[in-house]
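Derivation of every value follows stated rules applied to the coordinates shown; laboratory data play no part. Keep in mind that this is a model prediction, so the values were computed, not measured. Cβ sites come from the backbone with ideal geometry, for glycine too, and all protein chains shown count toward neighbours.
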Amino acid sequence: MEVWEAIVLGLVQGLTEFLPVSSSGHLQIFNTLFGLQGEENLTFAVAVHAATVCSTIVVFRRELLQLIAGFFRFKWNSETIYISKILLSMIPVGIVGLFFKDSVEELFASGLLVVGCSLILTAILLAFAYYARPRLKENISFKDAFTIGVAQAFAAILPGLSRSGSTIATGLLLGDRKDQVARFSFLMVLIPILGEAMLDLMKGGFHPSETGISAFACSWMINIVKKGKLIYFAVYCLIVGTVSILYSVI
């Protein structure tokens, strides 16, 4: 992988990680365009994911400090409950990481057909979430947290299925408030990505240059969810997914 290719891929990852358009799918698309193949691509993806986690910590630093402070009071308070929901949401993706890692790597090397189909699935989820009638629950329940975690696990398996798109869409379809589900979606990914990155960072390296653009994308995405503008990304995913499928079969 050339230096300029790594820079481009880092910028693509930084911008798309928090937008509901699938960073893994876009990395696969650019890998195909650049003619890059092999395990190096997956390792690079894990490494740049670690950098985007840093931007999440920056954007949600106050919330994280409040959660940590509440947790270490060692009481069953609102912060402890919230952290428990995040831990519960991590179980599905943890199972995928432990038992299906090889299958995931094979899917990430399967080309643009899987990416295109997954992007179209992302578009469908975003469209359903956009047109769904909100029930506006007061808080994300433990059941909802686990269901959102299942959505995250599917996104971890399928390159092209947006993690933020699938988790936020699932939360909205369950009737959770836009601001709450966006916050939960971004916080629930911290530990899984950091855990995976720690295993591969020594091989893949660290790419902090994308952290600034990731922080921008994270803040932008929160505002998009609050304003209910997900339909535009549904159209985008539909177009890119269709082009990817056509490219793979021609």
Starting with the highest mean, order 140-151, 239-250, 157-168, 116-127 by the number of other Cβ atoms within 10 Å, averaged over the residues of each peptide. 157-168, 116-127, 140-151, 239-250
Could you give me the ³J(HN,Hα) list for the stretch 175-185, computed from phi with Karplus coefficients 6.51, -1.76, 1.60 and θ = phi - 60°, whole Hz, x at Gly and Pro? x, 7, 5, 4, 5, 5, 6, 5, 4, 5, 4
Segment Asn223-Ile157, extension gain: residue separation times 0.36 nm, minus the distance between their alpha carbons: 21.0 nm
Expressed as a whole number of Å, what is the distance separating the alpha-carbon centroids of the stretch 224-248 and the stretch 125-191? 17 Å
Amide H of Lys137: which non-local residues (sequence gap of 5 or more, or other chain) have their own amide H closer than 5 Å, using H built in the peptide plane? Asp176, Arg177
Checked against a 20 Å limit on the C-alpha separation, the offending pairs among Lys85/Lys143; Lys85/Lys229; Lys75/Lys143; Lys143/Lys227; Lys85/Lys178 are Lys85/Lys229; Lys75/Lys143; Lys143/Lys227
